[in-house]
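Here's the structure, in structure tokens; my notes come after.
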Amino acid sequence: MAKTSIIICGQAGQGIQTVCNILAKAILRSGYYVFAWQDFQSRIRGGESSSRLVLSDMPVESLPEKYDILVSLDKSNTSVYLPFLKKDGIAVAEDETGENILAVPFQKTAVEIGGNKIYANASAIGTIAGIINLGFERIETVLREEFTRKSNEIADKNVLVAKYSYDWAVKNSKKYPTETKGLKNLNMKVMTGNESLALGAIAGGCKFMSAYPMTPSTGIITYLSETSHKTGILTEQAEDEISAINMVIGASYAGVRSLTATSGGGFCLMVEGLSLAAMTETPVVIVLGQRPGPATGLPTRTEQGELNFALNAAHGEFPRFIFAPSNAYDAFNIMIKAFEMSQKYRVPVIILTDQYLADSYWTVKNFNIDKVEIKDYFSNPNDIAGEFKKYSITDDGLSPRLKPGESENLVVDDSDEHDQYGHITENNTIRKLMVEKRWNKNCLMAEEMNVSVPDGIEDSELVLVSWGSNGGIVSYAVDVLLEKGIRAKNINYTEIWPLKIPKEFLDKNRKFKIVVIENNFTGQFARLLESEGVKIYGKILKYDGLPFTEDEVIEEVLKYTSVHPLNSSFTPIDGR
Amino acid sequence: MLKIDDFKNNVKSAWCPGCSNFGILNAVKNSFVKLDAKPQDIVIVSGIGQAPKLPHYLNCNVFNGLHGRALPVATGIKAVNPELTVLTVCGDGDFYGEGGNHLLHAFRRNPDITSLIHNNQVYALTKGQASPTTDIGVKTKLQFDGVKEEPLNPLALAIIMNCSFVARGYAGDLEFLSEIIVAGIQHKGFALIDIIQPCITFGYHQGPWYKDKIYHLEKDYNPYDKESALKKASETGDKIPTGIFYINKKPVFPENESNLTKIAKIDKDIIYGLLKLFE
């Protein structure tokens with residue numbers, strides 16, 4: 001297997017993400033799978049930030065503990081990131097020499113060849129491409145695509161600087177061991193989780209999005225705004241998250257599919273609106289991009305700390321859907337499902353993402369858009385007999401829905417408890433019936449949920465359960481464990497609520513142990529499973545703001561297996 | 001031609017008998033008749049309180065949402081279906097207190113919405129606390145030593161912010177109030193109509209107090225002059241001007257006023273085109 005990992009570090013504002021983005025595209029076009037995660041601080045300039053990029057001839061969605069190549073654009077960062085380098089790895093750094101460090105004059109090249117130090121990142125791109133023997137033509141094409149938008153001159157200079165550095169690297173660096181040869185065209189795409197969610201919204205028939213910018217979900221409205229002239233989607237930056245969700249509720253009441261996106265703090269403000277959507281049975285889709293809290297926490301880092309919040313947010317009792325895509329491919333399809341489910345059942349749908357999913361570049365296979373079915377869940381006004389009862393009591397809780405202004409039928413919604421016509425009531429009998437009507441949908445909603453159970457799960461020794469963006473990491477760990485002779489399987493939950501439990505989990509005679517892996521302190525998903533009667537053997541938890549690495553997961557999982565030397569004295573975590 | 005009765009429904013009122021809200025309700029109905037607006041084409045969005053119950057007593061589309069949140073909901077509705085006539089009906093606590101931030105941004109965003117604010121200078125539904133427009137010194141069940149904060153001057157605030165349409169009406173002046181509401185609805189852009197609505201239960205100024213003080217802005221008053229509008233909005237004391245204080249034509253939100261409820265799907269070719277850029 002050809003696999004190369006690169007860590008590119010520098011200060012915020014040096015264009016590290018551009019380096020990563022351009023390399024990712026060029027790598028994909030060279031026939032390799034690529035995955036890249038952004039690690040940055042909550043600041044505009046300076047500090048320590050990095051892009052971590054993996055190219056492989058096998059699908060990749062996770063990061064290693066140590067890297068083959070370190071590229072440091074700024075002197076102050078080199079020592080910080082050197083510990084991430086493998087013993088036999090290659091480091092290239094501005095103005096620095098040392099064991100295994102190759103001094104590369106990024107700035108000097110930028111000024112001498114390009115006439116401006118802003119081309120230092122083009123120099124880095126060229127250098128990396130030279131070291132890994134990536135054909136320069138692909139780099140040139142991507143650079144031109146990216147910079148011609150600004151001007152031909154800027155594109156030319158980027159190419160000139162990159163080419164100079166490419167040739168320099170080929171000449172000066174020792175040859176990289178796993179020489180990368182162009183493979184066949186993968187016919188895939190590379191995109192961030194946020195871009196995929198936005199594309200899913202477009203494909204899912206979204207027409208309106210309102211949001212207040214908040215890391216790590218801002219990328220969704222950015223992409224929808226950028227493409228709005230093509231798609232006709234209306235986007236609006238709201239004055240706050242309260243306004244954002246209420247605008248979305250208004251747009252949805254009027255009859256269009258609407259979206260908002262935020263993070264934990266913003267979701268707090270939206271919670272009142274979440275209840276309003278539930279009470280008025282107005283469909284809304286909310287992306288909750290998790291980051292470490294409480295309060296502002298670590299605003300640019302990753303965590304899965306808001307599952308309980310998503311499950312329990314809002315006053316009163318009502319059903320909801322919660323989804324958590326595992327990668328950018330899933331994100332697209334889950335967004336479409338979210339819109340369908342929200343429209344069908346007229347309930348809020350929360351999509352849990354996190355910084356790892358939202359900001360990473362993922363290799364994505366082709367979405368099958370021709371198969372996407374967008375159904376119209378509105379009633380035909382001609383089918384309404386007598387006065388329109390928007391909240392008519394039915395066995396399954398679903399009532400007719402019309403758009404205001406479309407016919408003579410009036411659409412009346414109320415945040416107060418209401419009668420079948422939508423008007424305020426304090427009648428206790430109607431209240432009881434309406435609570436039941438709203439909840440009755442939950443039975444049908446539960447049937448819409450899928451969880452993928454691998455074949456032969458009964459014969460495994462360990463079942464690793466994860467949810468959301470940990471899917472790729474755990475799946476890689478399982479591959480490695482299998483190679484070590486450990487009968488491990490994994491189940492990654494992407495459709496969280498209403499919760500579906502595989503029957504094997506509840507089997508009293510089951511032989512496998514369940515270990516839950518999640519990015520939080522209390523093991524929220526494990527507790528959710530436990531509350532449904534699933535016995536959990538152990539939990540692997542991480543809550544330092546960083547995603548799990550492959551090696552970390554493997555090492556931790558080994559502690560739960562028969563082959564681990566510590567096994568005899570090892571006590572699994574019973575939960576906190 | 002529509003009649004008053006076309007806007008009546010049989011929902012039982014929860015207002016105090018004799019409340020001046022009934023006057024405003026009649027003025028709203030009158031204005032709809034004058035505009036010959038069909039009930040199905042009107043959406044009234046309201047918040048929480050006694051004033052926000054008004055749309056329930058009208059035959060039209062209704063969204064009775066949360067305290068302070070009528071404006072964002074109305075903005076969402078109007079943005080996706082500009083063919084609807086959208087109004088908000090709120091109280092002073094609802095609109096100027098809880099919803100204050102949304103009001104500031106409605107001045108900036110300028111959606112084509114007409115906002116009626118029943119301003120009785122008191123929180124009546126929660127039994128008599130001060131509101132953002134209560135005068136300094138007024139003693140209430142909660143402000144035992146009298147209100148100490150400066151009351152909000154919504155008209156002056158709106159004018160300063162170049163609000164598109166700024167007016168004041170009086171609940172006891174039905175005909176004139178109807179005219180203002182008609183003008184507000186006809187105006188393209190955000191229209192703020194503050195309505196003096198004495199609370200018969202908790203109000204510290206009862207109806208008769210206003211009778212001699214309310215007057216109509218002079219016939220030759222020019223609502224396009226910001227300076228005089230500000231001067232009029234700052235008038236306090238024995239005379240309380242009513243009428244259209246300020247009109248300022250400016251671009252409305254959203255720029256592209258297409259009816260998004262009528263476009264069912266997005267062209268798959270557009271999505272394929274966008275996806276191509278990620279290869």
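The values are calculated or read from the model by the stated rules, or taken from the named source; none is laboratory data. Please read these numbers as outputs of a predicted model, since none were measured by experiment. Because the Cβ atoms are built from the backbone with ideal geometry, glycine has one as well, and the counts that use them run over all protein chains shown. With ligands, DNA and RNA removed, areas are computed over all heavy atoms of the protein, side chains included. Shrake-Rupley method; radii C 1.70, N 1.55, O 1.52, S 1.80 Å.
The length gained by stretching the chain between A:Asn427 and A:Lys150 to full extension, at 0.36 nm per residue less their Cα-Cα distance, is 93.3 nm. Candidates A:Thr227, A:Gly266, A:Ala12 compared by Cα position along the dipole of the protein assembly as shown: farthest toward the positive end lies A:Thr227, with charges placed on Cβ.
A quarter of the convex hull surface defined by the alpha-carbon atoms of the stretch A:245-355 gives 6.3 nm² as the mean projection. Centre-to-centre separation between the Cα atoms of the stretch A:462-529 and those of the stretch A:382-427: 43 Å.
Protection proxy ranking of B:192-203, A:86-97, A:537-548, by the mean of other Cβ atoms within 10 Å over each peptide's residues and highest first, is B:192-203, A:537-548, A:86-97. For B:Lys34, the accessible area of its heavy atoms, probed at 1.4 Å with every protein chain present, is near 100 square angstrom.
Projecting the Cα atoms of A:Gly205, A:Val104, A:Asn133 onto the charge dipole of the stretch A:100-217, computed from C-beta unit charges around the Cα centre, puts A:Asn133 farthest toward the positive end. Close amide H contacts of A:Gly47 (hydrogens built in the peptide plane, cut-off under 5 Å, sequence separation of 5 or more or a different chain): A:Ala12. Computed over the Cα atoms of the stretch B:137-279, the ratio of the radius of gyration to the Kirkwood radius (Rg/Rh) comes to 1.20. Taking GluC sites (Glu not before Pro) across the stretch A:371-407, the ones in a DSSP loop with at most 12 further Cβ atoms lying within 10 angstrom of their Cβ are A:Glu373, A:Glu387. Ranked by solvent-accessible area (1.4 Å probe, protein heavy atoms only, all chains present), the residues A:Cys9, B:Cys16 order from largest to smallest as B:Cys16, A:Cys9. Assuming charge only on the beta carbon of Lys and Arg (+1) and of Asp and Glu (-1), the dipole of the protein assembly as shown about its Cα centre is about 400 debye to the nearest 20. Kirkwood radius and radius of gyration were both taken over the C-alpha atoms of the stretch A:26-174, and their ratio Rg/Rh is 0.95. The orientation-averaged projected area of the convex hull spanned by the Cα atoms of the protein assembly as shown comes to 41.2 nm². Sorted largest first, the principal axis extents computed over the alpha-carbon atoms of the stretch A:319-460 equal 55, 36, 29 Å.
Per residue of peptide B:267-274, the mean number of Cβ atoms on other chains within 10 Å of the residue Cβ is 5. In this structure, the amide hydrogen of A:Glu94, modeled 1.01 Å from its nitrogen in the peptide plane, lies closer than 5 angstrom to those of A:Ser72, A:Asp74, A:Val104, counting only residues at least 5 positions away or on a different chain.
Relative to the longest principal axis of the Cα atoms of chain A, the long axis of helix A:16-29 lies at roughly 90 degrees. Considered as an equivalent ellipsoid built on the Cα gyration tensor, chain B has semi-axes of 33, 21, 20 Å, the largest given first. The eigenvalues of the Cα gyration tensor, multiplied by 5 and square-rooted, give the stretch B:77-208 an equivalent ellipsoid with semi-axes of 27, 16, 12 Å from largest to smallest. Pairs from the list A:Lys489/A:Lys513; A:Lys371/B:Lys276; A:Lys390/B:Lys29 with a Cα-Cα gap above 20 Å: A:Lys390/B:Lys29. Ligands, DNA and RNA excluded, the heavy atoms of B:Ser258 present near 40 Å² of accessible surface to a 1.4 Å solvent probe. Two decimals is fine: what is log10 I(q)/I(0) at q = 0.12, 0.15 Å⁻¹ for the stretch A:418-576, from a Debye sum with one equal scatterer on every Cα and no solvent? For the stretch A:418-576 at q = 0.12, 0.15 Å⁻¹, log10 I(q)/I(0) is -0.58, -0.80. Residue order by solvent-accessible surface for B:Glu255, A:Glu417 is B:Glu255, A:Glu417, largest first, with ligands and nucleic acids left out and a 1.4 Å probe. Oblate is the label for the stretch A:210-258, because a/c, from the alpha-carbon gyration tensor with a ≥ b ≥ c as root eigenvalues, is 1.5 or above and a/b does not exceed b/c. Normalised by 2.2 N^0.38 Å, where N is the number of residues, the C-alpha radius of gyration of the stretch B:130-219 stands at 1.23.
Taken over the stretch A:378-423, the ratio of Cα radius of gyration to 2.2 N^0.38 Å equals 1.09.
When a/c reaches 1.5 or more, the comparison of a/b and b/c decides; with that in mind, is the stretch A:484-551 rounded, prolate or oblate per its Cα gyration tensor? Because a/c hits 1.5 or more and a/b fails to exceed b/c, the stretch A:484-551 counts as oblate. In this Cβ point-charge picture (+1 for Lys and Arg, -1 for Asp and Glu), the stretch B:138-240 has a dipole of about 200 debye about its Cα centre. Kindly express, to the nearest 10 degrees and within the range 0 to 90, the angle between helix A:428-447's C-alpha long axis and the longest C-alpha principal axis of chain A. So the inclination is approximately 40 degrees.
Across the stretch A:321-396, Cα-Cα pairs more than 22 Å apart make up 43 percent of the total.
The C-alpha atoms of chain A define a longest principal axis, and helix A:328-345 lies at about 10 degrees to it. Does the stretch B:1-97 come out rounded, prolate or oblate by the C-alpha gyration tensor, with a ≥ b ≥ c the root eigenvalues, rounded set by a/c under 1.5 and, if not, prolate when a/b is larger than b/c and oblate if not? Verdict is oblate for the stretch B:1-97. Residue ranking by accessible heavy-atom surface, 1.4 Å probe, largest first, among A:Glu146, A:Glu239, B:Glu179, A:Glu226 comes out as A:Glu226, B:Glu179, A:Glu146, A:Glu239.
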